[in-house]
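Note sheet for the following structure.
The values are calculated or read from the model by the stated rules, or taken from the named source; none is laboratory data. Just so we're clear, the structure is a prediction, and the values are computed from it rather than from any experiment. Cβ placement follows ideal geometry from the backbone for every residue including glycine, while neighbour counts extend to all protein chains displayed. Accessible surface areas use protein heavy atoms only, side chains included; no ligands, DNA or RNA. Shrake-Rupley method; radii C 1.70, N 1.55, O 1.52, S 1.80 Å.
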Amino acid sequence: MAKTRRTRPAFVQRGRQALAWGLVWVLALHVGLSISLETWLPVARDPEYGRKLALLRQRIAEDPQRPLVLVLGSSRSGLGVRPAAFEPRPDPAGRAPLVFNFAMTGAGPVHELMFLRRLLAQGIHPRMVLIEVHPLFLHQQSGYAEENWLNINRLQRCDLELLARYHSNYPAVHHHWRWSRLAPWWAHRFTLLALFEPRWVQQESRPDTWTRLDPDGWLPFHREQVTLDEYGRARELAKKEYARALQSFHVTSVPDRAIRELFDLCRRHEIATGLFVMPEASDFRSWYPDSAREQVDAYLAALCREYQCPLVDATFWIEDALFSDGHHLLPAGANHFSQRFGREVLQPMLARAGLPTSPAADVASKRRTKTSR
């Protein structure tokens with residue numbers, strides 16, 4: 001007697017087809033989001049970087065012929081460097097340089113190198129880069145490494161080769177990064193919700209801070225003033241974060257290699273460079289042992305001699321009342337610092353690099369060129 005072939009019920013076949021198509025759509029959504037995060041939606045991957053990049057592109061698009069001057073640095077520069085205070089904004093027909101604040105929270109030499117590499121890869125080529133040196137990021141060991149600020153979910157593929165040379169546990173970074181790309185909806189859930197449905201995200205998880213950036217990348221402190229009690233509490237937090245590292249301060253190999261690679265990258269691309277140190281309040285400066293300050297000064301002086309780079313130490317420029325915590329400037333402090341920086345530092349650096357120093361200087365240069373013809 002021949003065996004009869006048993007057929008599966010139709011609803012089982014339909015169920016399996018629906019499951020297969022569901023998996024296909026899930027995979028497509030994951031791949032599509034991963035590609036979007038790498039290309040046209042960087043603000044969802046890294047809100048601070050993405051918003052600054054969008055603002056920079058807008059400013060360049062206003063007049064693509066203007067030479068670009070980038071400020072790279074930490075939150076000290078992010079809060080303290082206000083390009084609009086350097087010079088009156090030029091007429092769009094002029095050719096005064098576009099100065100843009102591309103400083104990032106927690107950025108030291110490794111991050112500064114990483115961000116400049118990204119911008120160059122995207123076709124953004126500055127004529128000059130002003131590099132902040134945060135003294136504490138010259139000492140990266142025993143829990144004070146710059147990599148502690150690294151958010152692996154925000155990395156681009158092009159960053160991995162760099163971190164392979166600078167991160168102390170690169171295999172773990174690569175493993176985490178791969179999983180964040182395989183599950184982008186989970187890795188970036190808070191930034192995606194904050195972008196498209198902010199009401200569903202708790203206030204402390206929203207990246208709203210970066211919506212306060214001005215058109216030139218400056219992030220003003222969220223208050224015009226702080227009380228003495230508020231200043232004292234913030235100063236104590238800063239002391240817990242930095243004072244112990246200063247007691248054992250010495251320049252370590254990772255930041256030294258990164259800042260030299262940054263200089264070499266600028267040389268290859270014919271980008272003029274300048275180094276600067278942001279202001280600190282008197283109580284913050286008191287935490288430095290004499291040996292630490294001497295090492296910072298000696299290291300920076302030797303570095304600038306080697307690379308023929310100007311150095312500006314603005315540590316003592318600002319009075320204590322204009323800080324929020326001893327090393328981050330309030331808006332009034334940012335204005336005061338930026339006006340002096342533009343007048344005493346930026347203009348001489350631009351002249352040395354052969355760039356126009358102001359709209360009036362640029363117009364005069366054009367007139368001289370026409371006359372010579």
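Identify all residues within segment 319-341 that are touching a strand residue (DSSP E or B) at 6+ places or on another chain (Cβ under 8 Å) and part of a loop (DSSP other than H, G, I, E, B); write none if there are none.
Hit for segment 319-341 is LEU330, nothing else.
If you scan segment 301-315, which residues turn out to be within 30 Å of LYS239 (Cβ to Cβ), open to solvent by less than 30 Å² (accessible area, probe 1.4 Å) and not polar (S, T, N, Q)? I'd like the intermediate steps shown before the answer.
Taking segment 301-315 first, the residues within 30 Å of LYS239 (Cβ to Cβ) are 301-304, 311-315.
Checking which are open to solvent by less than 30 Å² (accessible area, probe 1.4 Å) leaves us with 303-304, 312, 314-315.
Correct list: LEU303, CYS304, VAL312, ALA314.
Go through segment 44-75 residue by residue and tally those that are part of a loop (DSSP other than H, G, I, E, B) and more than 25 Å from GLU270 (Cα to Cα).
Qualifying residue count for the region: 1.
Within segment 273-300, how many residues turn out to be part of a helix (DSSP H, G or I) and either within 23 Å of LEU79 (Cβ to Cβ) or open to solvent by 40 Å² or more (accessible area, probe 1.4 Å) (or both)? Please lay out each step first, then the result.
Of all residues in segment 273-300, those part of a helix (DSSP H, G or I) come to 282-285, 290-300.
Then drop every residue that is not either within 23 Å of LEU79 (Cβ to Cβ) or open to solvent by 40 Å² or more (accessible area, probe 1.4 Å) (or both), which leaves 282-285, 290-291, 293-298, 300.
Residues flagged as part of a helix (DSSP H, G or I) and either within 23 Å of LEU79 (Cβ to Cβ) or open to solvent by 40 Å² or more (accessible area, probe 1.4 Å) (or both) within segment 273-300 amount to 13.
Could you give me the residue pairs with C-beta distances under 8 Å whose first residue belongs to segment 224-246 and is open to solvent by 100 Å² or more (accessible area, probe 1.4 Å), whose second residue is not hydrophobic (A, V, I, L, M, F, W, C) wherever it lies, and which are 6+ apart or on separate chains?
GLU224/PRO331; LEU237/ASP325
Just a yes or no: is a residue in segment 76-93 surrounded by fewer than 23 Cβ atoms within 10 Å (Cβ to Cβ), modelled with pLDDT of 95 or more and not in a strand (DSSP E or B)?
Yes: one or more hits.
Consider GLU147 carefully, then state whether it is of a type in the set (Asp, Glu), under 16 Å from ILE259 (Cβ atoms) and open to solvent by 30 Å² or more (accessible area, probe 1.4 Å).
Details: of a type in the set (Asp, Glu): yes; under 16 Å from ILE259 (Cβ atoms): yes; open to solvent by 30 Å² or more (accessible area, probe 1.4 Å): yes.
Yes; evaluated as a whole, the condition is true for this residue.
Restricting attention to segment 142-150, does a residue exist that is within 28 Å of ILE60 (Cα to Cα), polar (S, T, N, Q), in contact (Cβ under 8 Å) with a residue 60 or more places away in the chain and not in a helix (DSSP H, G or I)?
Scanning segment 142-150, I find no residue that is within 28 Å of ILE60 (Cα to Cα), polar (S, T, N, Q), in contact (Cβ under 8 Å) with a residue 60 or more places away in the chain and not in a helix (DSSP H, G or I), so the answer is no.
Residue-wise test of (1) of a type outside the set (Gly, Ala, Ser); (2) touching a Cys at 6+ places or on another chain (Cβ under 9 Å); (3) over 15 Å from MET278 (Cβ atoms); (4) without any contact (Cβ under 8 Å) to a residue 12 or more places away in the chain.
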{"site": "LEU303", "(1), (2), (3), (4)": "yes, yes, yes, no"}
{"site": "ASP320", "(1), (2), (3), (4)": "yes, no, no, no"}
{"site": "SER324", "(1), (2), (3), (4)": "no, no, no, no"}
{"site": "LEU329", "(1), (2), (3), (4)": "yes, no, no, no"}
{"site": "SER338", "(1), (2), (3), (4)": "no, no, no, no"}
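When you scan segment 342-371, how many residues do you find that are open to solvent by less than 20 Å² (accessible area, probe 1.4 Å), at pLDDT 60 or above and in a helix (DSSP H, G or I)?
Going through segment 342-371 one residue at a time, the tally reaches 5.
Considering only residues of segment 111-126 that are surrounded by fewer than 19 Cβ atoms within 10 Å (Cβ to Cβ) and in a loop (DSSP other than H, G, I, E, B), which is modelled with the lowest pLDDT?
GLN122
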